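In what follows, a structure is listed as structure tokens, so that the remarks can point back to it.
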Amino acid sequence: MGFNVSIHRRIPSPLDESWECDQFIDRRYYSFTTSYQLFGEESVLVKVGEYFGLDTRPLGLHIHYESEDEDYLNSGWLDLTSILTTVETLKSSIEQNPDFAENLIFTCKDNINQRQYFLEYLQGEKVLEDLAIVIDILKCLKAKRAKKIFFGVG
């Protein structure tokens, strides 16, 4: 089946009120953001950020929240306000520059098929829809007075 990204203000449990903010984020968003863990500075995530003068690396810091390793679980906490600003700026930048991806050079698994996959994602409406969902979730968590979040996968 694979993984999807979710956003949390604490390790998820059935009683966690952050589930009230939960929305489905498309699997392509996971592929886009996890590219950083696979290809580092040459990933599509980093290259998009560089194009717009943003540090998008934190969007690729995914925590497998089913882990029992406390140090690992605590390694992924991010400042909510900073992440919200980054995502809002990224979304706005893509809206203002819809053809930006044509000249991106990035590393991916299969240089032809996966490059096309990412280009279609970045040039279409889907990336904007996914970023809007991420923004909605972050704003919901902020309204619940969260200060720190992490991007969970599992």
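The values are calculated or read from the model by the stated rules, or taken from the named source; none is laboratory data. Computed from a predicted structure; not experimentally measured. Positions of Cβ are backbone-derived with ideal geometry, glycine not excepted, and every protein chain shown enters the neighbour counts.
Overview of values
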item	result
Residue tally, condition surrounded by 16 or more Cβ atoms within 10 Å (Cβ to Cβ) and not in a strand (DSSP E or B), over the stretch 136-154	6
In the stretch 66-97, the residues that are within 17 Å of residue 138 (Cβ to Cβ), touching a strand residue (DSSP E or B) at 6+ places or on another chain (Cβ under 8 Å) and not hydrophobic (A, V, I, L, M, F, W, C)	76, 79
The stretch 117-127: number of residues that are under 15 Å from residue 25 (Cα atoms) and either touching a Lys or Arg at 6+ places or on another chain (Cβ under 6 Å) or not aliphatic (A, V, I, L, M) (or both)	3
Any pair with Cβ under 7 angstrom, 6 or more apart, that starts in the stretch 38-52 at a residue that is farther than 15 Å from residue 115 by Cβ and ends at one that is surrounded by fewer than 22 Cβ atoms within 10 Å (Cβ to Cβ) and aromatic (Phe, Trp, Tyr)	51/100
From 131, 59, 73, 84, residue being at pLDDT 90 or above, among the hydrophobic types (A, V, I, L, M, F, W, C), over 21 Å from residue 35 (Cβ atoms) and in a helix (DSSP H, G or I)	84
Tabulated pairs, the stretch 60-73, first in contact (Cβ under 8 Å) with a residue 40 or more places away in the chain, second surrounded by fewer than 12 Cβ atoms within 10 Å (Cβ to Cβ) and part of a loop (DSSP other than H, G, I, E, B), C-beta under 8 angstrom, 6+ apart or interchain	63/75
Enumeration of residues in the stretch 1-56 that are among the aromatic types (Phe, Trp, Tyr), at pLDDT below 95 and part of a helix (DSSP H, G or I)	19, 29, 30, 32, 36, 39
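Residues checked against (1) surrounded by 14 or more Cβ atoms within 10 Å (Cβ to Cβ); (2) at positive phi; (3) more than 16 Å from the chain's Cα centre (by Cα):
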{"site": "20", "(1), (2), (3)": "no, no, yes"}
{"site": "36", "(1), (2), (3)": "yes, no, no"}
{"site": "40", "(1), (2), (3)": "no, yes, no"}
{"site": "49", "(1), (2), (3)": "yes, no, no"}
{"site": "55", "(1), (2), (3)": "no, no, no"}
{"site": "68", "(1), (2), (3)": "no, no, yes"}
{"site": "101", "(1), (2), (3)": "yes, no, yes"}
{"site": "110", "(1), (2), (3)": "no, no, yes"}
